Structure formats: structure tokens, C-alpha cells
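Read the figures in this text as sums done on the coordinates, not as results from a lab. This structure is a prediction, so every number in the text was calculated from the model and none was measured. FYI the Cβ positions are ideal-geometry reconstructions off the backbone, even for glycines, and counts take in every protein chain you see.
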Amino acid sequence: MTDTQTASGAAGAATGETIEHWIDGRLVAGYSERTGPVYDPALGVVQRRVRFATSEDVDTAVHAAARAFPAWREASIAKRQQIMFRFRELLASRTDELAAILTSEHGKVTGDALGEIARGLEVVELACAMPGYTKGEYSENASTGVDVYTVRQPLGVVGIISPFNFPAMVPLWFFPLAIATGNTVVLKPSEKDPSAAIWLARLLQEAGLPDGVLNVVHGDRIAVDALLVHPTVRAISFVGSTPIAQHIYSTATSHGKRVQALGGAKNHMLVLPDADLDLAADAAVNAGFGSAGERCMAISAVVAVDSIADELVGKISERMSRLTTGDGTRGCDMGPLITREHRDKVAGYVDVAGDDGASVVVDGRDPEVNGEPDGFWMGPTLIDRVPTSSSVYRDEIFGPVLSVVRVEGYQDGVDLINASRYGNGTAIFTNDGGAARRFQREVTVGMVGINVPIPVPVAYHSFGGWKDSLFGNAKAYGPRGFDFYTQEKAVTSRWLDPSHGGLNLGFPQHE
Ligand code: NAD
């Protein structure tokens, strides 16, 4: 194995032009000659390459984490908490640096990148509150002279696998809680925008985290599959598309691990006739086109009741005409898509919409941009009267394409949403409290917004969808996050004195 001791490059993560793994507190090139491209999507050029780990590299990282575990587990709660507080302060004071990395590799505009970091920072703050969430319970004198209590202990080495669309926030959903509760981590970020993870690992080192507690390996399915079957890895946290989430869940659980696997989405926003249509149109545009639609909580289908559908479509398209698309550093509303291949796939849905019987109201395939011509551009697109049989409605497009589906009334709308295979987020726009309450009870979706289009729960609640948007029952962060990264031990204790002597082979009973 070759060690690469120094770092350079925009993200502070690359050695020369190649982004290396972070193992045991330093950059490590590992065994592999395989690398992948990391684009600047606004320029359409490869700006650096990233190393793809072999299973031996993953093994090296897992062993580093396993070696670090005994001492980290023994570190006092106060010590772990102090490191998290320092990490929080460093991160809060250097958000511009991280935002620049996000914009350069993902493409999202600076304001959106700062928003992503702010939501990640919330989870670091939650990790600082770890003692309150993980303290056990105590029953004194459960039987005469016998006390029963529970303690929550870390699992050991945990693996985290994250998607391209939130290169900072999704890792931050997981590793702060995993580390604060005494686990050690191997993180495999998306190979499309890997520098943010290395930047975060360096920052944690600066905050005083011992080497080996957080390791980062880069790569593709070879690295992921090595983590899923590694006998030392106790748990896997995954976020990504549904087919991969399913693969992660079945493989890792069959190898005896606890798994949280969050998948894809197709989020609906139901607009009832009594809603404030201006506010609903604002919300549909913000939630449909923020981050160029590359959000798992993006609204991708507006479900409009017939009587107000024309008016709503008019208001949405008028607002879309004011959006600017371009380089994320130039004050635009929307940046590029992640790769040319993805951009072409998204545009392909607009190609088929007409044949499927839908009508393209705003066509973003050839947008005016404030950016370089080779960037991966796709402008905001609105497609009305989308049939539910069309792939435009059924697939998770993951781009700036908003569909409108028309329904007769509330019941049709709920039935449509409940028939979707996905159940990540949904929203209802109405001024009728009764309808909103009924919706919240009846809809088969994990996160519900009432006049809120992107209902991502705050850090002290937990995040997760239903149906094909989450495999297993373990949600991310919040109280469920602390449960996931700890195992409960129940202790029954008696301090012996001579009155406890004597033989009795019966099952213990309370006295
Ligand atoms: P993806 O599923 O392609 O990749 C996610 C991770 O899995 C990456 O680290 C990738 O390297 C790895 N991976 C890819 N193919 C693999 C394979 N065949 N075997 C093993 N590992 C593999 O997802 P993406 O394109 O990076 O991210 C977008 C997807 O993530 C969308 O579907 C989006 O809805 C979803 N997402 C969901 C949530 C949520 O909270 N539910 C949040 C963000 C993103």
C-alpha cells in the first residue's frame, strides 16, 4: 500500500489529481489502479479523479476502525461530547469552504449548498445532546434487594453508504450519531462528488477525533459489497435509489447486520380548491426545482383538483419564467445536473411525454443559461395532464421536471398517492383543517407536510419514508438514530449477604 501524506487541490482532498481514501487519519492510495471521473457539472469537464477501492482497501479501513473501537468505546461521554462540540464550532465557522466544494462537484447553487450544510449541522448539534438520548432506565427493588437497569452500548464498526445528491448532509445524518455513541465508522460516499466527505473527516481530526474512528473509502459497488459482507461490520446505514437500497438491505441483513436503507421517492403535492393558489404555486416551484429537482424530498407530481388546475398551472408556469439556470457560483436559482448521462436521461422523459398523451407546458431541454456551454444543463420543465400510466409519472426522474396530474377531488387525490410504490414525502395544500387532518391520517407516506412542501423533520425527530422508500424499520437520525447505533443491555443486580444463601432450582420469582 502507498501512503500519500499531503493533500492539495480545491477540496483539500486530492493528491495531485486523484482523491484518495482516508484511513487511520491520513490519505491512503490503497491497492487499486481503478479510478472514476469527478466532474465540475457547470463546466462539463473532469476536474479530478477518485480512487475506487478494492475489497482489500475496504478491509484495511474496517481493520483501522476495529482497532480504534476499544479505546473510543472507553472514551468518556464528556470527552466524546467535547469533540462533537468542537466539530460543530469548526463546521459552523467554515461553511463557505464546504459550500464551495459542494457547488464545484455537485453543481447546486451556493445558497442551496449552505442550506444543505445547515441541515447537516442540526444533526451534529443533536449528536452533542447524545447523553440525554442514550441514558438507560433504572428500577430499584424490582424484587427485594434486586435492582434492574438498562444501558445502551455501541455496536462496533458501522458502514455508511451515501448518495450524490447530498454529499455533506447525508453523511452528517449518520456519522455524528454513530461516533458520539461510541462506534467507529467506514464511510463510502458517492463516487460522483467525494471531496466533501474527506473535508469533513479532516475537520473531525482537527476537532480532536482519534485516528481510525472515522474512515472514508471511495468507490463503486465493489467497495459497497465488500462492506455489506464484511464480518467485522455490525451495521449499515444507506441512502440512495430504491433498487440499490433493496440490494443493500437483503445482502447486509443476510450477513447478520442491522440495516437502515432509505430509497428513492416520487413525492406528490395535493392542492385542494380552497388552498391559497399563490402560496401553493410558490411551494410547487420551490420544491420542484430547488437543487434542480435532485432531492429525495422534491415535489415531482402536483395533484391538482380539476376545478383549480388551469389556474394553478398558469401560476406555476408564470413563476418558472422568472427562474434562472446556470453556474452555481453566479447567483442563479438552479444549477446543472450531476452528469451528462443523467441530464440526457431526464431530457428523455420530456421526449416521450407528448407520445404518452401529456402536454409540455414549459420545456427545459434547451435552456438559456448563465454558464459555460458544456455544462450539464436542463431548465425547469412543466408537464400537464400526465397520465398515470406514463413513465413520466411512474419513474423517479430526479431532475427539474414537474408533472401535473388532475383529479376530481380529495378522495381521488389520496387514492392516487396511496397507490404509489413510493412513500417518502407528501404535502397537502388547503385551508380546511378537517381535510388536512384526514389526509394526515389516511395517506400512506412516512413524512407529511400540511401547507409545507418539503417536510424534512428537524434533527430531533427521525427521517424516513414508507413502502419502497425505506427498507426495514430503522429511520435516520433523531431518537431512532440513537437506537440504531446502540444496543441495549439489561442488568439485574443483587448485592449478596448471608440471607441469600440456600439452593433453589426453580425459575427466579419475585419476592
Ligand atoms: P445510487 O443508488 O445510485 O447510489 C447510492 C450509493 O450506492 C452510492 O454510494 C453508490 O456508489 C452506491 N451504489 C450504486 N450502485 C450500486 C450497486 N449496484 N451496488 C452497490 N452499491 C451501489 O443513488 P444516487 O444516484 O447516488 O442518489 C440518488 C438517489 O438517492 C435517488 O433515488 C434519491 O431519491 C435517493 N435519495 C434518497 C434519500 C432518502 O432519504 N430516502 C435521500 C437522498 C437521496
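Below is a table of values for the structure above.
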read-out	value
The chain: antiparallel DSSP beta bridges as a percent of all, rounded to 5	45 percent
Selection from Ala265, Ala64, Leu505, by position along the positive dipole direction of the chain (Cβ)	Leu505
Of all DSSP beta bridges in the range 267-450, antiparallel share, percent nearest 5	10 percent
Positive-end residue of Tyr31, Ala281, Ser162, charge dipole of the chain with Cβ unit charges	Tyr31
Charge dipole magnitude, Cβ of K and R +1, D and E -1 - the chain, Cα centre, debye nearest 20	1460 debye
Proxy reagent accessibility, fewest Cβ within 10 Å first, across Glu294, Glu89	Glu89, Glu294
Helical mean residue ellipticity (222 nm; -39500 (n - 2.57) per DSSP H run of 4+; nearest 500) of the chain	-11500 deg cm²/dmol
Whole-Hz ³J(HN,Hα) from phi, Karplus 6.51 cos²θ - 1.76 cosθ + 1.60, for the range 259-276, glycine and proline x	9, 10, 10, 9, x, x, 7, 8, 9, 9, 10, 8, 10, 8, x, 8, 6, 6
For the range 267-450, size of Cβ-based charge dipole, Lys and Arg +1, Asp and Glu -1, in debye	520 debye
Relative packing of 238-250, 28-40, 354-366, which averages over residues the other C-beta atoms within 10 Å, highest first	238-250, 28-40, 354-366
Amide H partners (placed H, <5 Å) of Val50, local residues excluded	Ile19, Gly36, Val38
Residues with amide H under 5 Å from that of Ile161, placed H, sequence gap 5 or more	Lys188, Ser237, Phe238, Val239
Which of Arg26, Arg494, Arg441 has the fewest Cβ neighbours within 10 Å, and the rest in rising order	Arg441, Arg494, Arg26
Spatial separation of Cα centroids for the range 292-325 and the range 347-404, in angstrom	12 Å
q = 0.13, 0.14, 0.19, 0.26 Å⁻¹, the range 349-434: log10 I(q)/I(0) [Debye, one scatterer per Cα]	-0.53, -0.60, -0.95, -1.35
Highest to lowest packing among 254-265, 190-201, scored as the average C-beta count within 10 Å	190-201, 254-265
Zero-based 20 Å bins, Cα pair distances in the chain, whole percents	23, 51, 22, 4, 0
Separation in nanometres of the label points that stand 7 Å from Cα toward Cβ, at Asp363 and Glu97	4.7 nm
Long-range HN-HN contacts of Gly25 with modeled amide H, under 5 Å	Gly212
10 °C / 1.306 mPa s Stokes-Einstein diffusion coefficient of the range 267-450, Kirkwood radius on C-alpha pairs, µm²/s	97 µm²/s
FRET efficiency for Glu140 and Glu33, using Cβ-Cβ distance with R0 set to 56 Å, rounded to 0.05	0.35
Normalised per residue, the volume of the convex hull around the Cα set of the range 49-120 (Å³)	117 Å³
Pairs of lysine residues in the chain - Cα separation under 24 Å, sequence separation of 8 or more or cross-chain	22
